[in-house]
Structure formats: structure tokens, C-alpha cells
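Peer 1: For reference, the structure I am asking about is given below.
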Amino acid sequence: MRKYRSAVTRKKVITTHINADFDALASMIAAQKLYPEATLVFPGSQEKNIRNFFLHSTSYIFNSTKMKKIDLDQVRMLILVDTRQKSRIGNFAQLVDNGHVEIHIYDHHPESDDDIHGEVEIIRETGSTTTILADILKEKGIRISPDEATIMCVGIHEDTGSFTFPSTKPEDLLATAWLLEQGANLNLVSDMLTKELTAEQVWLLNDLTQSAKTLLVNGIEIVISKVIRDEYIGDFAFLVHKFMDMENLSVVFALAQMEDKVYLVARSHVKDVNAAEISLAFGGGGHPQAASATIKNKTLIQVERSLQALLRNRVKPQKKAMDMMSSPAIHIHPDEPIKKAATTMTKYNINVLLVIDDDDHLEGYITRQVVEKAVYFGLGHIRVKDYMNIEFSTVTPDAPLGEVQDLIIKDKLRILPVVKASRVAGVITRTDLMNILVGGPVISDFQYDARHASHFEKQKNIAALLKERLPKRLIDLFKNIGKVADILGYNVYVVGGFVRDLFLRKENLDVDIVVEGDGIKLAYEFAQHHDARVRSHRKFGTAVLVFPDGFKMDIATARMEYYESPGAPPIVEESSLRMDLLRRDFTINTLAIQLNKRKYGALVDHFAGQKDIREKVIRVLNNLSFVEDPTRVLRAIRFEQRFGFKTGKLTLALMKNAIKIDCFKGLSGRRLYLELKLLLMEQNPLRAIGRMNDLNLLPVISPKIRFTENLRFLLEETRETITWFNRLYLEEPYEPWKVYWYGLIAFLDIQSLHRLAVRMQMGNQERQELIPESSVMDDVLEKLHRVDSYDNYDLYTLLDHYDTEILLFLMAKTRSEKVKRKISHFFTKLRGTRIILKGKDLKNMGFKTGPLYKEIFESLLKARLNNVINTKEEEVEFVKEMFGSSLTARD
């Protein structure tokens, strides 16, 4: 008979790393106090001490489930303790990218290239993960038993070497003190940590001692020891630690070839030798002081050669900022003109210039790119401080190389000022750093600092997010476009606002595709094999795919733009994806996702767009961005209000400067009008209009617009009126932005309205629609207010020929509740009233075609509006009664 094994259904699982130690075990027990409904599961094997512990003492306090009994499809929350490396959690790694599992992480290890990110991340620099969780239990007042306290105490003691490791922190001792208060038994802790060596382990320790060789790397003695065994012998890390203590060594790298793997254990008491960095290069992890790796498919000799090469490459004497900086720093005063900055840069052949005031305080810096563009635009007379970068990082002269490299690489700095006592002592440039690193790591490599986790650039794949957030049809379109691009040998990406809104979790099906190749050719090739039409624009290298249901997708050749003058239309040239993204308005709009099959879902983030989305900040990509295209000022306000973001300090200063020097004067009125229209189409444009007023931007529309209390009140009433109308659910199409437009220009005189129409380059029809005569609207309001005897027909004939937007504006403008009620009555009861009888009905009744028809229809409408008639039969009887004589006369 065949037996079937039923998988255990668990929604929450607590797990840790393969080869779990006491800190991992203790952390799992502590985590279960926070997640009492969760199941404890080891992802793989445990260290020998843990296995022995299970055999002798834990069955009554530690109930775990075997991995093979877990149905991964049923897991909805994964709690990771003492690790966040995907490669160290076994089969649970399958859950990381499926998009349906919530991940919570508690860990004390430094960042690595393999890190998982979760909805909850508690990462602290402590000697053990148990310390972190014990502190949380203490804060929450969660009680633990003496047995649980004892195991947690073991976890802290093991990972801190009983508080002797350099990674030990005050928090570890405080957590242990609290555990003692909860009843932890130190005698049991000592017994658990005391290890009696087996005969095999004694021989292994002897071989470690006998094979040890000292390698001198940049003046630092590093011991490398290696052993070979056919069978696996446990607790190799413990043996290496014991070997290090016996020989009083500062740095040890031990290699053991056992069975078909090579095990690396690294220990370092020297700040310049980072054990974690070396182990990471072999696919392992750990701390700067203690780390390990398991290496497959390599011989012991191969690993040893790679290890020695890595050590020579990465172990460097710790340099400080004062050893790297150039001094004195070439600088310029903030009030000097930009043309002088250009002269200074040319004279000294530098690309970045510090800006320092009379008191020798650093104000910012300015780049050659900004200076050259400013001169090109004829702005050489403008002061340097108007276009300098005012957001910058600094270091002290004693800052170590790791801190300097971390800042320059992570933040992509061109220059790093060295400041002592508020004065600039020197500068470190990218070139200075590269000269230091010659023969060592290049910019794209990671570097550890023993005190802080490193930040290394890594490529992120978000295919799972696409699958979660997008309809299947769009996913299929993306994959098919990727296939066509592969055939043509192009790289293809979805870019811009679509990607931004994907991360913001806002619906946006306005898709922009960028092709490194011929975008038009790709569009036609795609359309040949799929049901779509193509509209192309050869001049700009763009095309639009139009599908049968009306869905559209824009496709463009990757291009760069330059501007011949401020506010002028851009000149377009073919380029790369990076240059295409560089031309965009803000960093949040520079994200791209690759669609080619081999790299489907790979996120491209050249300009830290993800970071700015997380921090909710709007930043431009260059300091002359608003000079090149002043409409970006309005766009920044629009995004700021739509997303609840803030504008970066430098970007805000550049916006104010663009307004101050009147960059809008060269901007075509049409572009200004279209951007203003988009702003008014936002859900609550009132905030944006207020922001425009704060920035003195309203005069750009018309010098006569003043953000008075009357205008503010009118716009607030407009918002409330639109909200009221939307709640009627009349399904009547209208454009709310026009109502705000009428409110914005409501207090302009006739001459100002005429000039506004000319400035916005409106045609005659547009002018009639968007610049209504205020006297006519005032006359309507006056009639509504003055006449109380209006019946439904009179009200209908007065209001029906006005657009919905005009009527809503009148409703917002009037302060008379009586008038508001009349307009409301028109919308809810009268508008849309139609008679049933048609001309053919009158003809069948015997009426002769002619002017009489109009009179009959008008009479019917009046009777229906005034509730005299309601049905078709009543209409027929009404016509016979009122116009029957016309039939008699005809007879």
C-alpha cells in the first residue's frame, strides 16, 4: 500500500541560517515569544553542540518542525533571525521573491551583497542577535522562563566569546543582566559552552598548528592554516578559535577540505583585516572580526591561491583623510560671477570648485558641467551661489579610508571636503581616491569599514513585483516586446513615471518604452506579429503602438537632449539609456526595468531614484535643469503635492533662482498653458496653487493674479462644489480643471484676460471656451438671485446652454444659498430632460412639417419640466389639446 505524507500547513515560520549555532537557537526561542503562533523550523543542519543540546535537554521547551513537513505554499510570514542572507536559509529562499510572503528580519550581521529585505527589519550592531530580541522582550514586558533565559544567555556568551570579542557591545552585557534577573543559570551556561574535544578534533587541532604559515601583507602578519580530512569533523570554527588563543594570534584564516567541500573560518583582531569582506568574496558572511564560508567545486589549493590574492589585494594599511586630501583647496567666493568660476577651472584644470565665504566657511560647490551650461545660456554674470550645490558631505582629517570611500562611492560624490574646526583643510576627489586604490578594489567593488556596514551597489530584480502589481495582459506584452528586442539585438526597458508609480503602489498604465536601438523599427516588428497598429514620428525616433481596444504604448529610441536657449524646445539626438534617463526632470522619474528575456525585471537605477522615492524627496539631475526647461518648476510642485513629497533643499533653491531670473520669459505660452493644465488636473490643485503663490510663481501666468483671501475662498468653494458634484454620480462627463481655471482668473479685468489669452497662445475657439466674459456670468448670477418666480422651464432655458464647468464655477462663486439651490436643482432635476415625441410622431398624427414643430416641441418641454406631463401618452394628449386646431384647419 502506498503511503502519503501530508505537509504541515503553517502561515508563520521562524527560521535561521544553515549550521545554526546557539545564538541562532536562542534567537528563534526569543522570536517565538514575539510570534507565539509561529512554527520554529531549522533550514538545514545545526552545529554539533546544538545537536547534542537537542538530544539531552530541549524537548520540553523547544518544539520545532522538520523542514520536510513544511508546505512552502502555505507560508505567509517568514521571520528570519541571526541572518538575512538568501544563500544561508536553504529552501526558504524560494519564498523571498514570490511577493506573497511578509518577511520580518532580526539580525546583527553587517550588510552583504546577498541580503534579503523585509517589511520589518531590526538590524543593530550588537555582539549577538539574542541581545536584540532580549531587549525587545524587555521593552514589551514579555515574561520568559528561567530555562528560556538560560538558553538566551548561552547564545550571547557564545557569539561574544563570553564578552571577549571586539564585537561585544554594552547592550550585550545589559541584556545578559536582564536574563540573569529572569532566572538564567550561569552554571548551565558554563556547562553548555565547555566542549570536550574528541580524538579526531585533537588531531585536527594539531594539524592546524603544524600547517600554519605566516603571510606578511602590507606589514600585517596573517596566519594561514590548512587541513584535509576525508570525513566531516564538526565544530571546526571552535577549533580555529582555540588554535588562535593557544598561539596568541591576531589574524587567522583556516581552510579545511572535508568530504567534497572546503570550509573557510576567518578570525581577526586587526581593524585593517576585515574577515567578513574576505569571506563574502567566497560566498560566505559574518562580522569583520569573525566570519566563515563554505566553498564548493574548488580544491584546497585553488581556494588558498584565491585567498592569498584577495588578502594582498584588500588588506591595506588604514589611510586617513589627511593622507589623501589635496591642500590648500582651490575655491571661489559665493558672490563671484560664474564666468570667473569658468576661468578658475580652466586655469587649474579642475572639474569641481569649492565655494567658501569671507569667514572661510564652506557654502557649497559648483561643477564644470553647471558652469559651462550657464555660460552657454548667457548667464555668466550670475553669482556662483545661485547655482552652486548646497547639499554636501564632509569628513574630518582623521576619517579613515573606509568612510571616505563609502561616501564617494555610495553618494557618487565628485568632491569630498575635509573640514577641521569649521574650516576647509583640503579636498579629496574621485581621482584622489582612485589613485589610492590602484592595484586594489575598483569603484564597483564593495569595501567594509570595521565599524559600519558597507553599502555596495547591486542590481535588483523586481520581476515578482511586476507580476504582483500588473495585469497579466501587460506582463505578456512586456515579455513579447523583450522577445522582439532580443531578435533585433536591442536592449529594451520600461521607464519613467510607470516605474515610479510601481514603487509607490499607485495604478499607472501609461507605459513608456525606451530602446537602445531603433525604437520605430522595434514597434513595426512587434506590430507585424501582434495585433497592433503603429504611429511613428521619425524626427524624434518615437512610435506609438495602438491596440484594438484603444490601449496605447509609447516606444522611443534612447535619446539625449540639449537646449539652445532657456525655455527653448529640446534638440534630440540618439543616445544610450543612461543619457536618456539623464535628460529627465527628476531622479524619481529615472528608474528603468529591463524587458529582455535574459534580464527580465532587472531594475536600472543610475541616479538614486529609489532612494529619493523612499525618502519622499524631489531632486533635479543638474543645477541648470529649471533654466533648460522652466515648466519643470510647475512639475515639481505637481509631484510634490500629488505624492506628499518634499522638494530637496538644493532643488528648491534652484527653483527660486529660475523664477528670480525670469526663465519663463523665453518659454512658449503653449507649453506653459499645457503644464498649468496638468497641475489643475491634480486631485487637489488648491495646494499646488498655494505653493505657486509661496514661490511667487503666479505672476508667470498673469502679473495681475493675486492670491488674496477672496481668491483663496473662491478656490476652496470650487473644491467643495466639485466634491459635491462628484458625489451625485450623474455620470456626466466634465473637466474639473476648467472650474479651477475659471476660479484662478476670476478677478482679472478684460485687458488682463486678453493678454492672458495671447500669452497662452489660445485659438479663437479655445479663447471663447476658457476666457468667458465675466459680465455675462455676473448677469446670470444676478438673474438667479433677483428673480424668485422662475419655474423649472425658466431655470432650464437660462442655464441649459452653459457647460457644466461654467455652472459649477457659478455655484462656487456665488455666496447666495438661494442661487446655489437653484443651480443644484437644475443639475439634479432638470438637466437632461427630454421629450419623447419625435418629428415622425407628429407627422403620423397629421401635422404638416414646418415651424409649428419647433413650437410644439418647446411647449412639450415646458410642460414636462413643469411636471404637467410625464409619459408619452400624456405628450400625445397634450399636443392634441393644445395644437389640435392646426389639424382642423388643415382638414
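Peer 1: For the structure I just gave you, tell me whether Asp359 is charged (D, E, K, R), within 28 Å of Lys320 (Cβ to Cβ) and either at pLDDT 90 or above or part of a loop (DSSP other than H, G, I, E, B) (or both). Explain how you work it out, then say what you get.
Peer 2: On the way: charged (D, E, K, R): yes; within 28 Å of Lys320 (Cβ to Cβ): yes; either at pLDDT 90 or above or part of a loop (DSSP other than H, G, I, E, B) (or both): yes.
So Asp359 fits the description; yes.
Peer 1: Count, please, the residues in region 617-642 that happen to be modelled with pLDDT of 95 or more and aromatic (Phe, Trp, Tyr).
Peer 2: The qualifying residues number 1.
Peer 1: Could you please find all residues in region 746-768 being in contact (Cβ under 8 Å) with a residue 12 or more places away in the chain and either closer than 24 Å to Phe826 by Cβ or of a type in the set (Ser, Thr, Tyr) (or both)?
Peer 2: Answer for region 746-768, where residues must be in contact (Cβ under 8 Å) with a residue 12 or more places away in the chain and either closer than 24 Å to Phe826 by Cβ or of a type in the set (Ser, Thr, Tyr) (or both): Ala746, Ser752.
Peer 1: Val273: of a type in the set (Val, Ile, Thr), farther than 17 Å from Asp230 by Cα, at pLDDT 85 or above and over 38 Å from the mean Cα position of the chain (by Cα), yes or no?
Peer 2: On the way: of a type in the set (Val, Ile, Thr): yes; farther than 17 Å from Asp230 by Cα: yes; at pLDDT 85 or above: yes; over 38 Å from the mean Cα position of the chain (by Cα): no.
Taking the combined requirement at face value, the residue does not satisfy it.
Peer 1: Here's a follow-up. Given the residues Tyr734, Tyr729, which is the only one that is within 34 Å of the chain's Cα centre (by Cα), part of a loop (DSSP other than H, G, I, E, B) and surrounded by fewer than 20 Cβ atoms within 10 Å (Cβ to Cβ)? So that I can check it myself, show each step before the final result.
Peer 2: Working: Tyr729 fails: within 34 Å of the chain's Cα centre (by Cα).
Going through Tyr734, Tyr729 in turn, the sole match is Tyr734.
Peer 1: Ala523 is checked against (1) in contact with a helix residue (DSSP H, G or I) (Cβ under 8 Å, 6 or more places away or on another chain); (2) surrounded by 22 or more Cβ atoms within 10 Å (Cβ to Cβ); (3) among the hydrophobic types (A, V, I, L, M, F, W, C) and fails just one. What number does that condition carry?
Peer 2: (1)
Peer 1: List the residue pairs whose Cβ atoms are under 8 Å apart, where the first residue sits in region 471-495 and is β-branched (Val, Ile, Thr), the second is part of a strand (DSSP E or B) and open to solvent by 10 Å² or more (accessible area, probe 1.4 Å), and the two are 6 or more positions apart or on different chains.
Peer 2: As it stands, the answer is Val492/Glu516; Val492/Gln594; Val494/Asp512; Val495/Asp512, since those pairs meet every condition given.
Peer 1: Here's a follow-up. Only helices (runs of 4 or more DSSP H) wholly contained in region 773-891 count here; list those with 3 or more residues that are exposed (fewer than 15 other Cβ atoms within 10 Å of the Cβ) and in contact (Cβ under 8 Å) with a residue 12 or more places away in the chain. Show your work before the answer.
Peer 2: Working: elements: 774-786, 792-799, 804-813, 817-825, 839-844, 852-865, 872-890.
Passing ranges, in order: 872-890.
Peer 1: Do the conditions hold for Thr631, that is, is it among the hydroxyl-bearing types (Ser, Thr, Tyr) and closer than 23 Å to Gly364 by Cβ?
Peer 2: Numbers: among the hydroxyl-bearing types (Ser, Thr, Tyr): yes; closer than 23 Å to Gly364 by Cβ: no.
In short, no.
Peer 1: Tell me, please, whether a residue that is of a type in the set (S, T, N, Q), modelled with pLDDT of 90 or more and open to solvent by less than 20 Å² (accessible area, probe 1.4 Å) can be found in region 602-611.
Peer 2: Start the filter on region 602-611 by keeping residues that are of a type in the set (S, T, N, Q), which leaves 610.
With modelled with pLDDT of 90 or more added as a condition, the list becomes 610.
After this cut, where a residue has to be open to solvent by less than 20 Å² (accessible area, probe 1.4 Å) as well, the list is none.
Among the residues of region 602-611, not one is of a type in the set (S, T, N, Q), modelled with pLDDT of 90 or more and open to solvent by less than 20 Å² (accessible area, probe 1.4 Å), which makes the answer no.
Peer 1: Report the residue count in region 385-428 for those that are part of a loop (DSSP other than H, G, I, E, B), over 30 Å from the mean Cα position of the chain (by Cα) and not acidic (Asp, Glu). Step through it out loud before you land on a result.
Peer 2: At the first step, the residues of region 385-428 found to be part of a loop (DSSP other than H, G, I, E, B) are 387-388, 390-394, 396-399, 411-414, 421-422.
Retained after the next criterion (residues that are over 30 Å from the mean Cα position of the chain (by Cα)): 396-399, 421-422.
Then keep just the ones that are not acidic (Asp, Glu); that gives 396-397, 399, 421-422.
Counting residues in region 385-428 that are part of a loop (DSSP other than H, G, I, E, B), over 30 Å from the mean Cα position of the chain (by Cα) and not acidic (Asp, Glu) gives 5.
Peer 1: Condition (residue is open to solvent by 60 Å² or more (accessible area, probe 1.4 Å) and closer than 18 Å to Ile301 by Cβ) applied to region 261-276: is it met by at least one residue?
Peer 2: Step one: filter region 261-276 for residues open to solvent by 60 Å² or more (accessible area, probe 1.4 Å), giving 269, 271.
Of the ones still in play, those that are also closer than 18 Å to Ile301 by Cβ are none.
No, the conditions are met nowhere in region 261-276.
Peer 1: While we're on this one: Within the bounds of region 215-233, is there any residue that is assigned to a strand (DSSP E or B), hydrophobic (A, V, I, L, M, F, W, C), open to solvent by 10 Å² or more (accessible area, probe 1.4 Å) and free of Cβ contacts under 8 Å to residues at least 60 places away in the same chain?
Peer 2: yes
Yes/no matrix, rows are residues, columns are (1) closer than 27 Å to Asn480 by Cβ; (2) under 15 Å from the mean Cα position of the chain (by Cα):
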residue: Ile588; (1), (2): no, yes
residue: Leu595; (1), (2): yes, no
residue: Lys599; (1), (2): yes, no
residue: Ala602; (1), (2): yes, yes
residue: Asp605; (1), (2): yes, yes
residue: Ala608; (1), (2): no, yes
residue: Thr631; (1), (2): no, no
residue: Lys646; (1), (2): no, yes
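Peer 1: For region 285-294, how many residues meet the condition of being at pLDDT 85 or above and open to solvent by less than 10 Å² (accessible area, probe 1.4 Å)?
Peer 2: 2
Peer 1: Pick out the one residue from Asn63, Asn19 that is modelled with pLDDT under 80, closer than 22 Å to Glu111 by Cα and open to solvent by 30 Å² or more (accessible area, probe 1.4 Å).
Peer 2: Values: Asn63 fails: closer than 22 Å to Glu111 by Cα.
Going through Asn63, Asn19 in turn, just one is modelled with pLDDT under 80, closer than 22 Å to Glu111 by Cα and open to solvent by 30 Å² or more (accessible area, probe 1.4 Å): Asn19.
Peer 1: How many residues are modelled with pLDDT under 90, in a strand (DSSP E or B) and either over 24 Å from Leu667 (Cβ atoms) or among the polar types (S, T, N, Q) (or both) when one looks only at region 537-579? So that I can check it myself, show each step before the final result.
Peer 2: First, the residues of region 537-579 that are modelled with pLDDT under 90: 537-541, 558-579.
Narrowing the set further to residues that are in a strand (DSSP E or B) leaves 537, 559-562, 571-574.
Cutting the leftovers down to either over 24 Å from Leu667 (Cβ atoms) or among the polar types (S, T, N, Q) (or both) gives us 574.
Result for region 537-579: 1.
Peer 1: Given the options Ser87, Ser112, name the one that is within 23 Å of Leu465 (Cα to Cα), in a helix (DSSP H, G or I) and hydroxyl-bearing (Ser, Thr, Tyr). Full working, then the answer.
Peer 2: Details: Ser112 fails: in a helix (DSSP H, G or I).
Going through Ser87, Ser112 in turn, the sole match is Ser87.
Peer 1: Does region 612-631 hold any residues that are more than 20 Å from Val375 (Cα to Cα) and open to solvent by 10 Å² or more (accessible area, probe 1.4 Å), and which are they?
Peer 2: Kept after step one, since they are more than 20 Å from Val375 (Cα to Cα), are these residues of region 612-631: 612-619, 631.
Of everything in region 612-631, those that are more than 20 Å from Val375 (Cα to Cα) and open to solvent by 10 Å² or more (accessible area, probe 1.4 Å) turn out to be Ile613, Arg614, Glu615, Lys616, Arg619.
Peer 1: Still on this structure, please answer the following. Failed condition for Leu307, given (1) touching a helix residue (DSSP H, G or I) at 6+ places or on another chain (Cβ under 9 Å); (2) open to solvent by 10 Å² or more (accessible area, probe 1.4 Å), with all others met?
Peer 2: Of (1) touching a helix residue (DSSP H, G or I) at 6+ places or on another chain (Cβ under 9 Å); (2) open to solvent by 10 Å² or more (accessible area, probe 1.4 Å), only one is false for Leu307: (2).
Peer 1: Could you tell me whether region 154-165 includes any residue that is part of a loop (DSSP other than H, G, I, E, B) and of a type in the set (A, V, I, L, M, F, W, C)? First the steps, then the outcome.
Peer 2: Of all residues in region 154-165, those part of a loop (DSSP other than H, G, I, E, B) come to 161-165.
Then drop every residue that is not of a type in the set (A, V, I, L, M, F, W, C), which leaves 163, 165.
Yes, there is a match, as at least one residue in region 154-165 is part of a loop (DSSP other than H, G, I, E, B) and of a type in the set (A, V, I, L, M, F, W, C).
Peer 1: Would region 603-614 turn up any residue that is closer than 30 Å to Gln761 by Cβ and among the small types (Gly, Ala, Ser)?
Peer 2: Within region 603-614, the subset closer than 30 Å to Gln761 by Cβ is none.
Taking every residue of region 603-614 in turn, none turns out to be closer than 30 Å to Gln761 by Cβ and among the small types (Gly, Ala, Ser).
Peer 1: Those residues that are open to solvent by less than 20 Å² (accessible area, probe 1.4 Å) and under 25 Å from Val370 (Cα atoms), I need them from region 651-691; list them, please.
Peer 2: Scanning region 651-691 gives Thr651, Leu654, Met655, Asn657, Ala658, Cys663, Phe664, Leu667, Leu672.
Peer 1: With the structure loaded, tell me whether Thr131 is among the polar types (S, T, N, Q) and either buried (at least 19 other Cβ atoms within 10 Å of the Cβ) or within 37 Å of the chain's Cα centre (by Cα) (or both) or whether it fails that test.
Peer 2: On the way: among the polar types (S, T, N, Q): yes; either buried (at least 19 other Cβ atoms within 10 Å of the Cβ) or within 37 Å of the chain's Cα centre (by Cα) (or both): yes.
Yes.
Peer 1: Please verify whether region 796-810 includes one or more residues that are out of contact with any helix residue (DSSP H, G or I) (no Cβ under 7 Å at 6 or more places or on another chain) and polar (S, T, N, Q).
Peer 2: Scanning region 796-810, I find at least one residue that is out of contact with any helix residue (DSSP H, G or I) (no Cβ under 7 Å at 6 or more places or on another chain) and polar (S, T, N, Q), so the answer is yes.
The values are calculated or read from the model by the stated rules, or taken from the named source; none is laboratory data. Just so we're clear, the structure is a prediction, and the values are computed from it rather than from any experiment. Don't worry about glycine lacking a Cβ; one is built from the backbone with ideal geometry, like all the others, and counts go over all protein chains shown. When the accessible area is computed, the model is the full protein with side chains, heavy atoms only, and any ligands, DNA or RNA have been set aside. Shrake-Rupley method; radii C 1.70, N 1.55, O 1.52, S 1.80 Å.
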